[in-house]
Every structure is written in structure tokens, then in C-alpha cells.
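Here the structure is laid out as C-alpha cells; the discussion comes afterwards.
The values are calculated or read from the model by the stated rules, or taken from the named source; none is laboratory data. Values in this document were obtained by computation on a predicted structure and should not be read as measured data. Every residue, glycine among them, receives a Cβ derived from its backbone with ideal geometry; neighbour counts consider all protein chains shown. Just so you know, the surface numbers come from the protein's heavy atoms only, side chains and all, with ligands and any DNA or RNA stripped out. Shrake-Rupley method; radii C 1.70, N 1.55, O 1.52, S 1.80 Å.
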Amino acid sequence: MEFIATYHTDVGITKKTNQDSLGIRIVKVKDEQIAFAIVCDGMGGLAKGELASKEVTVAFMDWFEKTFLPVALTESFQEKDLIEQWNSIVHTQNQRLAQYGEQNNLQLGTTVSAILLYRGQYYIVHVGDSRVYQLATEVMQMTHDQTFIAREIAAGRMTPEQAKTDPRRSVLLQCVGASPVVNPEFLKGQILPNAVYMICSDGFRHKIDETEIMEKIGPMIGSDAEKLKYGCMYLTELVKTRKESDNISVAIIRTI
């Protein structure tokens, strides 16, 4: 299977600093393409959110280059090793960011959502409220928001409509750097042909709906990287016109 990828990130209309960070790599190993993408959203209410998101993004990108690619070259991949390595990165970064915060008398943290597409399977690691979607015949949210309101909705104590205006909408149950213990969500499944795998920060999705997403970056757009890039930029500008106050980031990988 082959892939094309693109991304777009924007500071938005109210903030002076873009606290989002992202990375994408597509590499060919032994006549097979491998794709990896990550989006981290630094906590806007915490100091140095941009540092937290960058540190976690760099740690995962280093893992892909220095740990995973050698494994792919030697064809020694084991799913259990992948989960252990990702878990180790999350917990190591959580400790490092917490220690940095203690030394500098501040608190910093970030979400992390990443996807690896390899040998017909996708593998996802997720902490926080950035999201991973699969766009195929329909839009499917793959990750679960680790937020106060998501928990309340699941428990039946709040409706989705109430959640849209609840002042606790941005309260996370856990994030990397500001939580004593972090338990990442791990997902796996079969990659679909002619599908788009999208990772976005919460600022990208608040003001647009699934129909608008499908129309601009869904699989019907085809395998044209320029059109997909335009779709990411178009939706970002649309979000800004609707007065989204957060940073806005999206990364997509399309299967061919």
C-alpha cells in the first residue's frame, strides 16, 4: 500500500504562540511504504505548552527514525514491542516535563495522538483530546476524548448539546507532563484502501462538521496532494472565520 500526506497548522486568531506541534514521515523500506504522523497540542492554560508539545513530538519522531526503521529493515517487528516503546516514551516524557516544571516553578503539558501505518495495519497511541479520524465511506472518530465532558456524556450526566457550552469543555482528565500518572489509549486495526487518516488538535474540529470535513479532505478528493493541502488550509480558514480561539492543526495520510 502507498501513501500521500500533508498538513497545516495555524496560530489562530487570538493567541500569540502556536502551542501545537506535529510531524509526518513516509518512508519506503524494501518496496513497502511506511507512514507515521503525530499531533501534539500544548496546554493553552499552562505555561510553556509549545515546549511540551515539541518535546513529545521530537521524542516520537526520533523513535520512528532510530528505533522503528531499523526494526522494519530487519523485519523483526513485534506488536508488543511497539506498545512497550510507545508507553515508555509517554511515561519518560511525562516525568521529564514534570521535572522541568518543578525546577522552573511552572506546569506544562500536552496531548499526543499518533498513528503508524505498517504492513496493512494501523497502530494508534493517544492521550488527551486531540483526535484521530478515519475518513472512508463515512467519518469515524477512532480515539476517545479523555476529557471531563466526554466522561460526563458517557455516564449520561450531560448531553452533547450541553457539552458545547459547558465552561469545563477544555478540562482534560490526563495529559503528558501535568498528570501524576498517564495511561495512553492504544488502538490497532486494518488499514482501508482509498481512505484518509486524519489527526487534528481540538481547535481544528470545534467549529466544523463531518460533512464539511469529507467535502474538503475526504477520499473523494482523490490522491492529489495539492488538493488535500488546499482542503486543510480551507477548513482552517473556515474555522477562523467562525471565531475559534485555539491554535489549529491537522495532519492527514491518504492510502492509495
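I'd like to know if segment 173-185 contains one or more residues that are farther than 22 Å from residue 46 by Cα and either among the hydrophobic types (A, V, I, L, M, F, W, C) or modelled with pLDDT of 95 or more (or both).
There is at least one residue in segment 173-185 that is farther than 22 Å from residue 46 by Cα and either among the hydrophobic types (A, V, I, L, M, F, W, C) or modelled with pLDDT of 95 or more (or both).
Looking at (1) in contact (Cβ under 8 Å) with a residue 24 or more places away in the chain; (2) touching a Leu at 6+ places or on another chain (Cβ under 9 Å); (3) open to solvent by 30 Å² or more (accessible area, probe 1.4 Å); (4) under 28 Å from residue 107 (Cβ atoms), which is the only condition residue 201 fails?
Exception for residue 201: condition (3).
Which of the residues that make up segment 42-56 are open to solvent by 10 Å² or more (accessible area, probe 1.4 Å) and either of a type outside the set (Lys, Arg) or farther than 14 Å from residue 176 by Cβ (or both)?
Start the filter on segment 42-56 by keeping residues that are open to solvent by 10 Å² or more (accessible area, probe 1.4 Å), which leaves 43-48, 50-51, 54-55.
Selection gives 43, 44, 45, 46, 47, 50, 51, 55.
Being free of Cβ contacts under 8 Å to residues at least 24 places away in the same chain, assigned to a loop (DSSP other than H, G, I, E, B) and surrounded by 13 or more Cβ atoms within 10 Å (Cβ to Cβ) is the filter here, so list the residues in segment 158-182 that pass it.
Scanning segment 158-182 gives 158, 166, 169.
Condition check ((1) crowded, with 16+ Cβ neighbours inside 10 Å; (2) in a strand (DSSP E or B); (3) touching a Lys or Arg at 6+ places or on another chain (Cβ under 9 Å)) across all residues:
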| position | (1), (2), (3) |
| --- | --- |
| 34 | yes, yes, yes |
| 81 | no, no, no |
| 99 | no, no, no |
| 117 | yes, yes, no |
| 126 | yes, yes, no |
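Pick from 147, 110: which is open to solvent by less than 10 Å² (accessible area, probe 1.4 Å), at pLDDT 95 or above, touching a strand residue (DSSP E or B) at 6+ places or on another chain (Cβ under 9 Å) and not small (Gly, Ala, Ser)? Break it down into steps so the answer makes sense when it comes.
Details: 147 fails: at pLDDT 95 or above.
None of the other options fit; the residue is 110.
Out of segment 238-256, which residues are touching a residue at least 60 places away in the same chain (Cβ under 8 Å), over 16 Å from residue 130 (Cα atoms) and open to solvent by 20 Å² or more (accessible area, probe 1.4 Å)?
240, 243, 256
Every residue in segment 204-234 that is of a type in the set (Val, Ile, Thr), free of Cβ contacts under 8 Å to residues at least 40 places away in the same chain and not in a loop (DSSP other than H, G, I, E, B), please. Don't jump to the end; show me each part of the working.
Step one: list which residues in segment 204-234 are of a type in the set (Val, Ile, Thr), which gives 208, 211, 213, 217, 221.
Okay, now just the ones that are also free of Cβ contacts under 8 Å to residues at least 40 places away in the same chain, so 208, 211, 221.
If the condition is that a residue be of a type in the set (Val, Ile, Thr), free of Cβ contacts under 8 Å to residues at least 40 places away in the same chain and not in a loop (DSSP other than H, G, I, E, B), then 211, 221 are the ones that fit.
Does segment 52-78 hold any residues that are among the acidic types (Asp, Glu) and touching a Phe, Trp or Tyr at 6+ places or on another chain (Cβ under 9 Å), and which are they?
If we filter segment 52-78 for residues that are among the acidic types (Asp, Glu), which is where we start, we get 55, 62, 65, 75.
Residue satisfying the conditions is 55 alone.
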